[in-house]
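The values are calculated or read from the model by the stated rules, or taken from the named source; none is laboratory data. In this text the structure is predicted, and so the values were computed from the model without any measurement. Surface areas here come from the heavy atoms of the whole protein model, side chains and all, with no ligands, DNA or RNA. Shrake-Rupley method; radii C 1.70, N 1.55, O 1.52, S 1.80 Å.
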Amino acid sequence: MLSLAVLIPALNEEQAIAQVLAAIPPGLAQEVVVVDNGSTDRTAEVARSLGARVVSEPRRGYGQACLSGLAALAPVDIVVFLDGDYSDYPGEMPALLAPILRGEADLVIGSRVLGTRQRGALLPQQRLGNALATWLIRWFYGVRYTDLGPFRAIRTDALRRLQMQDRDYGWTVEMQVKAARAGLRLAEVPVSYRRRLGVSKISGTLKGTLKAGHKIITTILRHAWSPLP
């Protein structure tokens, strides 16, 4: 049986983190790590009280939190990335893992586009950005994705090959374009999605939306013309 860790970057998710942790299927993961990305509320305290291992990373940035969490993990075969805002459905993790456990995939993206979405969960700017980004990936890399969703699973040996570097908004798309270039076995599974608890740090603000969009597009273009590692 392959071993599994769940990694949850979190910034001021005191309202949601308890529900996220409670919804992870019991006995599925050997370790659950919450990366406190400089929260000013009780996110870390709540997560720790519910049995998660908390890693402190005060340097802001989604990718930075993921990199720090990975550096702190015990050796495992698979890592699941999950948001801390309760927009994802952790109970769908077995379906996300299934293609890897069957030996069919190295990276599995949970697609909110293929799945069921609560009304208003994906904002118009998110839907537009997803459509543009996935079209660009298909154009430059010849790989068809439908989503850049954060709920995803990857074999750790495959993840090491990608040499991830992005420290903020470009983390998810960097993983997907590098996986395409590296010839990893890729899969998408439909996942459900609901309105997040609390205020979004990216799509909830114009500044965050513009910065994320710019970073995603430049990441796609930069890696299209950069040499393979």
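Report the semi-axes of the equivalent ellipsoid for the range 140-181 in whole Å, largest first, where each axis is √(5λ) for an eigenvalue λ of the Cα gyration tensor.
Details: eigenvalues 45, 34, 25 Å².
The equivalent ellipsoid of the range 140-181 has semi-axes of 15, 13, 11 Å.
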**Message:** Run the Debye formula on the Cα coordinates of the chain, all scatterers equal and no solvent, and tell me log10 I(q)/I(0) at q = 0.08 1/Å.
**Reply:** -0.25
**Asked** If you build a Gaussian network model of the chain, linking Cα atoms that sit under 10 Å apart, which residue out of D88, D106, D77 swings the most?
**Response** D77
**Message:** Tell me which DSSP H helices of the chain clear both cut-offs, 24 Å or more of axial length from alpha-carbon atoms and a mean Kyte-Doolittle hydropathy of at least -0.5.
**Reply:** 124-141, 206-225
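Given a 1.4 Å probe and every protein chain left where it sits, what share in percent of the accessible area of the chain is carbon and sulfur?
56
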**Item:** Over the chain, relative contact order from alpha-carbon pairs under 8 Å, at least 6 apart, %
**Value:** 24
